[in-house]
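The values are calculated or read from the model by the stated rules, or taken from the named source; none is laboratory data. The model shown is predicted, which means the values in this text are computed figures rather than measured ones. Positions of Cβ are backbone-derived with ideal geometry, glycine not excepted, and every protein chain shown enters the neighbour counts. Please note that ligands, DNA and RNA were not included when accessible areas were found on the heavy atoms of the full protein model with its side chains. Shrake-Rupley method; radii C 1.70, N 1.55, O 1.52, S 1.80 Å.
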Amino acid sequence: MSEQVNEQEMVQYIADKTKASPANIRLVLKHELGFIDKAKANAKGEVDIDSDELVDYVLSRPDVKLDEMTVETILDAEMEYLMDKGLAGYVD
């Protein structure tokens, strides 16, 4: 994750929005990072992530015992946090 992101603040933000435990949030974010690290950047250095593929990837990890809706909610809240901080956005 970017050094500009305060992980503790982000996890707390996500927990407040989703009511998920910090441990589950960190687990989802850890696997999300693994997925992003494997993604190929385009010519501009940007990585296009398909949210359905990301959710499927996280759910396929053997240590993830969460349902699809919980994973989606955690990832949506993370994106909201990053967009609020000006660190991420959606590409049309």
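Points worth noting:
- Taking the Cα centre of the chain as reference, the dipole from Cβ charges on Lys and Arg (+1) and Asp and Glu (-1) amounts to some 340 debye.
- Neighbourhood charge, 13 Å Cβ-Cβ cut-off, centred on K30 and excluding it, Lys, Arg +1 and Asp, Glu -1: -3
- Accessible surface of the stretch 1-51 [probe 1.4 Å, protein heavy atoms]: carbon and sulfur percent: 48
- For D67, the solvent-accessible surface with a 1.4 Å probe is about 80 Å², rounded to the nearest 10.
- Accessible surface ranking that places the most exposed of L66, L87 first, with a 1.4 angstrom probe: L87, L66
- Descending semi-axes in whole angstrom, ellipsoid equivalent of the chain, from the Cα gyration tensor: 20, 17, 11
- Annotation: per residue accessible area for the chain equals 68 Å², rounded to a whole number [probe 1.4 Å, protein chains only].
- Dipole of the stretch 5-92, positive direction: furthest Cα of N24, S51, V71, with charges on the beta-carbon: N24
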